[in-house]
Amino acid sequence: MKRLPPLPALHTFLITAQCCNFTRAAQQLYLTQGAVSRQIAGLEEHLGYPLFIRQARGLSLTREGQEWLPRVQQVFALLEDGMQQIGAPHSTLQLKAPTCVMRWLLPRLMEWQALRPDVPVELTTTIQHGVDFRREGFDAAVVYGPEPEPGTQALKLFDEQLTPVCSPQLLAGKAALREVTDLRGQMLLHPSRDERDWQTWLEAAGSGLEIQGKRQHFETLDMAMAMASQGTGVAIGDWALIGEDLASGRLVMPFGLKVATGKAYYLVMPGKVAGTGLLELMAWLEGQAQKR
């Protein structure tokens, strides 16, 4: 088997073939014209056939030279691509998400980074539930609300389903919760300043019970769930976001009713163009959501 030509000689052939002139090739290679001529002659001797036809006004490729040129161009294109990609720092994906979804999202992003350290993600949290890709430089975002408007790629993670939760000790205590009306004697914990979540659930329960008596408001879902786990009262939350608390037994559902609000959590990105890493992350998060 004939050994491969030396790489410097192939590079000289490539530049010379593009210029079709020893003098201009020498200028680009920072060599003398004689050095270029000798390298081409050595390459032709190695191969056993001429690559150029020497003419008075320049050079032209032989049939063999014409066959070699696209192959050599491909070799150096692959080498250049490798120089740009291999060992280069990976660009970090910029992801935005509302604080209310952190209980679900953050553990999964940590798992993703352990699985795919080559696709790093930088997470920005916000109290906002939407994103404006025209003004915000994020690659993707988790948004909460009705179905996103056209113009974005959207994957539904899960629907919002509200349900009351409390500590196991409270459920089994003197004021055990057997009927919805038993909530009258409990402090109702609200994960936001408004009382919309509790009102929505109570109306769906059909008990005629109104929000009254003892209640406490919190800035985040985490704070409300932490207080509920200590037996302070009964909190209302999205079943999908408190799944780990329920699975661990820190919280329990006193009633089986889960009320869909018509809103959901979506993973969105702008337009129809995205890098492979982002598409893989979106598909992976969608798969994680389906495991609930």
Given the criterion among the basic types (Lys, Arg), at pLDDT 90 or above and exposed (fewer than 15 other Cβ atoms within 10 Å of the Cβ), identify the matching residue among 71, 57.
71
Look at the stretch 243-275 and say how many of its residues are out of contact with any helix residue (DSSP H, G or I) (no Cβ under 8 Å at 6 or more places or on another chain) and assigned to a strand (DSSP E or B).
7
Which is farther than 30 Å from residue 203 by Cβ and among the acidic types (Asp, Glu), of 122, 147?
122
Residues that are in contact (Cβ under 8 Å) with a residue 12 or more places away in the chain and not in a loop (DSSP other than H, G, I, E, B), drawn from the stretch 1-18
8, 9, 10, 11, 12, 13, 14, 15, 16, 17
Going by the conditions given, is residue 178 outside any loop (DSSP other than H, G, I, E, B), more than 30 Å from residue 284 (Cα to Cα), modelled with pLDDT under 85 and open to solvent by 40 Å² or more (accessible area, probe 1.4 Å)?
no
Right, residue 163: assigned to a strand (DSSP E or B) and crowded, with 19+ Cβ neighbours inside 10 Å or not?
yes
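Counting just the residues of the stretch 217-258 that are of a type in the set (Val, Ile, Thr) and closer than 23 Å to residue 194 by Cβ, which one comes out surrounded by the fewest Cβ atoms within 10 Å (Cβ to Cβ)?
Ranking the qualifying residues of the stretch 217-258, first place goes to 220.
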Scanning the stretch 106-132 for residues that are surrounded by 14 or more Cβ atoms within 10 Å (Cβ to Cβ) and either under 11 Å from residue 94 (Cβ atoms) or aliphatic (A, V, I, L, M) (or both) gives 109, 119, 120, 121, 123, 131
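Could you please give the count of residues in the stretch 135-154 that are touching a residue at least 40 places away in the same chain (Cβ under 8 Å) and charged (D, E, K, R)?
Residues flagged as touching a residue at least 40 places away in the same chain (Cβ under 8 Å) and charged (D, E, K, R) within the stretch 135-154 amount to 3.
Find the residue count for the stretch 1-54, including only residues that are β-branched (Val, Ile, Thr) and under 49 Å from the mean Cα position of the chain (by Cα).
Matching residues across the stretch 1-54 total 3.
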List, please: which pairs have Cβ atoms under 8 Å, are six or more places apart or on different chains, and start with a residue in the stretch 115-131 that is more than 18 Å from residue 270 (Cβ to Cβ) and end with one that is open to solvent by less than 90 Å² (accessible area, probe 1.4 Å) and acidic (Asp, Glu)?
116/280; 119/280
Quick one: in the stretch 133-144, which of the residues that are within 12 Å of the chain's Cα centre (by Cα) and among the hydrophobic types (A, V, I, L, M, F, W, C) is surrounded by the fewest Cβ atoms within 10 Å (Cβ to Cβ)?
138
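The values are calculated or read from the model by the stated rules, or taken from the named source; none is laboratory data. Just so we're clear, the structure is a prediction, and the values are computed from it rather than from any experiment. Don't worry about glycine lacking a Cβ; one is built from the backbone with ideal geometry, like all the others, and counts go over all protein chains shown. Protein only, heavy atoms only, side chains kept; ligands, DNA and RNA dropped before computing areas. Shrake-Rupley method; radii C 1.70, N 1.55, O 1.52, S 1.80 Å.
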